[in-house]
Amino acid sequence: MLDENLLDAPDDLALADRRGLLRGAAEAGARVRTAARHAADAGVADLRPEGRPRAVLVAGPGTAATGVADLIGALAGASAPVVRLRPTGVAPAAGALRWALPGWAGSVDLLLLPTTDGSEPGLALLAEQAYRRGVTVVAVAPRSSPLAEAISGSHGLFVPMAVAPNGTPDEYAEHDAYEEYAANVAASPGALWALLTPLLALLDRVGLLEAPPEVLEKVADRLDRTAERCGPAVATYGNPAKTLAAELADSLSLIWTEGSAAGPVGRRFAAVLAELAGLPALAAELPEALPAHGVLLAGDYAAGADPDDFFRDRVDEPQALRARVVLLRDRPAGGLSAAPAARELALGHETAVSELEPEEGDDLETLAELLAVTDFAAVYLALATRGTPAP
């Protein structure tokens, strides 16, 4: 059950937020600026590529790395295929993930390794394999991590991951509470921007997308403004993230997206709802979402399913999940939009609809706003439904 009183109690929210998730969401804009500086210091702005890569390969663990691959693919469009390398297995001895290059990968391809940890031996082995095959390697990871050492020298380009302002230093590998710190970093919403921003700057240099320094500054500004609207001091009635969190509590969220950038945002939202708040969610793009999820609106999760029984034990029996549609859109209304049909289908089954559409701006700005609001909403749900457990 959602504790709605907690949502409008900033001091209590701060006490419940033992992993600093709200701070991580609020610092996303600062992460973008710091990460852009790190990319420039690493020499990304001075690169003179001879042409675009044939394909971009992305490997890394966790929700943040998965989101990076998905977002880059949406932003690059048809410029080059973006392929996320999924783990091929687990090493029996250490229980560590392993990755492998596809057979066709070679000197005309680019391998990106984003990770908030950097101690994964499988990524270091993948970088070595890429070096032998002539694949260009770029890694974003904590400065003192083993992956940083593996990438140094002739093996590729390394960019230190931007840590939170006033947070633990980059040399956290020597920190006594390394495992706890690493878990907090991986769960922080700001981690996505710490990994994504240097890669956006890189892909701008190779001509796969548009992310020059002035655009990244606009993204940071949009994230800052969104954090002000969604911060814990803003009451629920005027806070889009708290409002969305209250609407999605005790629901099976059906996240329907429209627009190229909204797709990966919706998939990330479903992932962080599960990871941070422990809530189930399904994401699909319109118009395919209508037949894919339509049966859920008429089945056991429908609003009218299992009518309330006067004699039901309301104390011992948990509340049943009911479907709720979330429309995420990254383009203005009008034109050939499936949103009207989505609303009609949902309301025809007495299913409530939540809608989120960003202010005008370029692709990266609108994407940033959608990510920020949904990240804040997931954090509020995590804190107000069960609090965040210690890692």
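All of the numbers you see were taken from the coordinates with simple rules; none came from a lab. Since this is a predicted model, take the numbers as computed values, not measurements. Heads up, the Cβs are rebuilt from the backbone with ideal geometry, glycines too, and the neighbour counts pull from every protein chain shown.
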Between the modelled labels at Ala298 and Leu125 (7 Å from Cα along Cα→Cβ) the distance in nm is 4.9 nm
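Give, rounded to the nearest 20 debye, the magnitude of the charge dipole that region 1-84 has about its Cα centre when Lys and Arg contribute +1 at Cβ and Asp and Glu contribute -1 at Cβ. Walk me through the numbers on the way to the answer.
Numbers: 10 positive and 11 negative charges, 141 e Å.
With Lys and Arg at +1 and Asp and Glu at -1, about 680 debye.
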The extension gain from Asp250 to Ser337, computed as 0.36 nm times the residue separation minus the Cα-Cα distance, is 28.4 nm
Ordering 14-27, 371-384, 246-259 by per-residue average of other C-beta atoms within 10 angstrom, highest first, gives 371-384, 246-259, 14-27
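State whether region 203-251 is rounded, prolate or oblate according to the following rule on the C-alpha gyration tensor (a ≥ b ≥ c being the square roots of its eigenvalues): a/c under 1.5 gives rounded; otherwise a/b larger than b/c gives prolate, and the remaining case gives oblate. Present the calculation step by step, with values, prior to reporting the outcome.
Numbers: a/c = 6.13, a/b = 2.25, b/c = 2.72.
Taking the square roots of the gyration eigenvalues as a ≥ b ≥ c, region 203-251 is oblate.
Mind running the shape call on region 203-306? Use the C-alpha gyration tensor, a ≥ b ≥ c as the square roots of the eigenvalues: rounded below 1.5 for a/c, prolate if a/b tops b/c, oblate otherwise.
On the way: a/c = 2.89, a/b = 1.44, b/c = 2.00.
Verdict is oblate for region 203-306.
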For the Arg54, Val90 Cβ pair and Förster radius 51 Å, calculated FRET efficiency rounded to 0.05 is 0.95
In nm, the gap between the two label points placed 7 Å beyond Cα toward Cβ at Ser144 and Glu350 is 6.0 nm
Filtering GluC sites (Glu not before Pro) in region 332-381 by DSSP loop and by at most 15 other Cβ atoms within 10 Å leaves Glu350, Glu359, Glu360
